[in-house]
Every structure is written in structure tokens, then in C-alpha cells.
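The values are calculated or read from the model by the stated rules, or taken from the named source; none is laboratory data. All of these numbers come straight from a predicted model, not from anything done at the bench. Counting neighbours? That spans all protein chains shown, and the Cβs are built from the backbone with ideal geometry, glycine included. Calculation scope for accessible area: heavy atoms of the full protein, side chains included, ligands and nucleic acids excluded. Shrake-Rupley method; radii C 1.70, N 1.55, O 1.52, S 1.80 Å.
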Amino acid sequence: MVRKFMAGALAVLAGGVALVALRPEIATADRRGHEQRGALVIGHRGASAIRPEHTLLSYEAAIKLGADYIEPDLVSTKDHVLVARHENEISQTTDVAAHPEFAGRRTTKTIDGTPVTGWFTEDFTLAELRTLRAKERIPDLRPDNTAFDGLAQIPTFEEVVQLAQKNGVGVYPETKHPSYFASIGLPLEEPLLATLRRYGWDGERAPVFVQSFETGNLKRLRALTRLRLVQLINSSGAPYDLVAAGDPRTYADLVTPEGLREISRYADAVGVATSRVVPTGADGRLLAPTSLIKDAHRRGLLVHTWTIRPENSQLPVDYRLGDPASPAFAGATGDVMGWLERLLTLGVDGVFSDDPGIARAVRDRLVED
């Protein structure tokens, strides 16, 4: 099985037709119902280790590599169409700076309390965004992905849903900056739900998880839908909506037993940074696992963890391989399989992976064992 999936990964890396013919079964509403086939593999921004993130190219690669779910981050256009971008500021992920007709739209805005300068999706209609082309966001780390710069448009959420349904996988959308978009009259939740309903995905048995780093919009969504909701938990800081409201609670407070009990009233899962599962010390090496998985499971919450990336610079020191003095060390592939195995054997219910082929291979091997 491992050889089969690695062969598929190599095929996609080479730009050819992937060899993987398997299609994952549709997830059910059973909140702990995935044990019989192991943890979910979530294609983080698609297969962003091998294709520019949040493009149909990336989502297609993730599906061919065996992802159970593909993950679009959602922002809005000026005409209130949801599109897949990691941020609403698009200078790092598109060629907008090379379009003189849009030079006058470069501006500075305050997003979640932080000044950001660039071009923003909410200042463009969908038709205008379609004239742009996507590019690799971190070319220094992933230079091979730059071969695909200029080939893909910004996809709509509807296109991502269509692709997922065509290939028998689920979607795992994130509402990005929901308080900000609501404040400018472009709320994300209603068009998200409307799109999913249009394609028959409306209810707890649909292969959908909706995630957010904020708390308020998830609580509002709970009143509108039975789709499964995921409270994202960062490694530090606090949800912006709590900060804006003067609420002193942080992400650390949300993963206490009491915090998890509160989350279980409106969400079905927590999506946590890996350091919440296995923290690291000052030297970058792993410490003893926390009780988060056990605590969350006691309250009926699934635990999905993010983000598993293959490069040495993105892995705990314990799982880096090669000569640190080499200029290629940071971008070289480390022991990502070992890191995945550690997390999966601790009992996480899903992993966000930039290379879902590797995650699928490790997951399936552990299930077979």
C-alpha cells in the first residue's frame, strides 16, 4: 500500500497522470466514526507542497494522492462571491502587481487589528479576479511549484464543491476573517451555506466540516446548520472576535477542560496546531504529549491537527534529516512519515497535510497493521 501511494505521489510530482485509482468513502456524521479506516487525511489548501495553494491544480493533485477532504480557505469578492485564497490580500498568491489596470487599488487596510498593505479580494469583482493568475506563495521554500505560476485562476467555492463531488471527496472550508467581512457587508456564512445546499450538502451526514479561528461565527452557524463545525485553535494568541469584544480568553483557555466543554456546545471538533498535541521546547525538540486528545474526546469532540509539511524547516527538530550546514537543508524532505506516525498513534482523528499522498500512505499502513 505504501509503495502504491508513493508511486502516485511521484507521478504527480513529475506532472504526469497519478496512478492512484482509489477514491475515499464519504465521511458519515458519526463524530467518532472514522476509526475503522483511520484518521482523516485533509489536503491542506489542496496539495500545496507540490502545486500552488488554493488552485484547482492543487485540489486535483490532493484528490489523486488520496485526500479524504480538500480544504479551501474562503474570502469574498466585491460582488459577494466566495473564492479560495489563504488571505483576502492577494499580492503574494497572484500576479495582481503585474496588472497596471489595478495599480490604483493597492491600499492599506486594518485586518483583525493589523495594518496590511496590498490588493484585496473585496475590492474586485469575480470577473476582474478571473483576469489574474495564481502563483506560488513561498517560492524560496518550494521553487518547483513556480513551474505552475500563471497556469491557474482563482477558483470559486462552487468550483471546489463541484470538483469534490465529482471525485467523491469532502470539503473542509475555512471562513477567513469572518468579523472583518461581516463589518463590510460581505458576510461569509450565508453564501457558504447556500452553495452547499445547492449541491445537496446540508446536514450532519454531509462530507463537510466548516472551520473558523473565531468563535462567534461558529455559534451563529450552529443555529443555521447541522453541518459539522470545527473550532480552530492556534499555538498562541486569541480568537479575534474575543479580542475585539474585550474578552480576555485566549486559545490556551479554549483547550482547558472547561474550554473544551464550552466548545462542545456549538462545535463537533477542534482543529489544533500540532504544538497543542505535542509541544516543543526552546531547542525545537518535542516534549511530552499533552492531554488535549483525551480531554477533547471525553467531551465528544474530534481532534484534527495542522499542519504537516514535508520540509525540514517545517518539521520538529527530532524529525529533520540531512546536513544542517547544507544550503538545501531547509527545503529538503525530512522524516515527515515519522512525524505523521507519531501524531496518528497518539490518537488524532485527522491531519491537515500539505502532501496528502504521504499522509494517506502512513495512515493506511497503520490501519493495515
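Kindly write out, for the stretch 311-319 in residue order, the coupling ³J(HN,Hα) from the Karplus curve 6.51 cos²θ - 1.76 cosθ + 1.60 (θ = phi - 60°), rounded to whole Hz, with x marking Gly and Pro.
Values per residue, Gly and Pro as x: 6, 3, 5, 9, 10, x, 3, 4, 10 Hz.
Jot down the radius of gyration and Dmax of the stretch 325-369, Cα atoms only, both in angstrom.
12.3, 38
Based on alpha-carbon atoms only, what is the radius of gyration of the stretch 96-136 relative to the globular estimate 2.2 N^0.38 Å?
Taking N as the residue count of the stretch 96-136, the ratio is 1.22.
Once you've got the GNM for the chain with C-alpha springs shorter than 10 Å, pick whichever of 199, 240, 59 has the biggest mean-square fluctuation.
Judging by the Gaussian network model, the answer is 199.
Quote the FRET efficiency, to the nearest 0.05, computed for residue 294 versus residue 184 with a Förster distance R0 of 41 Å and r equal to the Cβ-Cβ distance.
In this case the efficiency is close to 0.50.
Mind running the shape call on the stretch 224-369? Use the C-alpha gyration tensor, a ≥ b ≥ c as the square roots of the eigenvalues: rounded below 1.5 for a/c, prolate if a/b tops b/c, oblate otherwise.
prolate
Is the C-alpha gyration tensor of the stretch 181-305 telling us rounded, prolate or oblate? Criteria: a/c under 1.5 is rounded; beyond that, a/b larger than b/c is prolate, otherwise oblate.
Prolate shape, in that a/c is at least 1.5 and a/b is the bigger ratio.
Compute the orientation-averaged projected area for the stretch 106-247 from the convex hull of its Cα atoms and round it to one decimal in nm².
For the Cα atoms of the stretch 106-247, the hull's average projected area reads 10.7 nm².
Before anything else, pin down the relative contact order of the stretch 26-164: Cα pairs under 8 Å, at least 6 apart, normalised by residue count, whole percent.
Taking the mean separation of contacting Cα pairs over the length of the stretch 26-164, I get 25 percent.
Normalised by the residues of the chain, what does the relative contact order come to in percent, with Cα pairs under 8 Å and at least six apart?
Result for the chain is 20 percent.
How much accessible area per residue does the chain have, in Å², with a 1.4 Å probe?
40
Between 160, 348, 243, which gets the highest mean-square fluctuation from a Gaussian network model of the chain, Cα cutoff 10 Å?
Taking springs between Cα atoms under 10 Å, the residue moving most is 243.
Report the antiparallel proportion of the DSSP beta bridges in the chain as a percent, rounded to a multiple of 5.
30
Counting only pairs 8 or more places apart or on different chains, how many lysine pairs in the chain have C-alpha atoms closer than 18 Å?
Lysine pair count for the chain: 6.
Scaled to the compact-protein estimate 2.2 N^0.38 Å, what is the alpha-carbon radius of gyration of the stretch 180-227, rounded to two decimal places?
For the stretch 180-227, the normalised Cα radius of gyration comes out at 1.15.
Can you list, largest first and rounded to whole Å, the semi-axes you get for the stretch 245-326 by taking the square root of 5 times each eigenvalue of its Cα gyration tensor?
30, 13, 11
Semi-axes of the equivalent ellipsoid for the stretch 64-126, please: Cα gyration tensor eigenvalues, times 5, square-rooted, ordered largest first, whole Å.
Working through the eigenvalues yields semi-axes of 24, 14, 12 Å.
Evaluate the relative contact order of the stretch 121-177 (contact order divided by residue number), counting alpha-carbon pairs under 8 angstrom at least 6 apart; express in whole percent.
26
Could you work out how far the C-alpha centroid of the stretch 51-75 sits from that of the stretch 135-158, in angstrom?
The stretch 51-75 and the stretch 135-158 have Cα centres separated by 12 Å.
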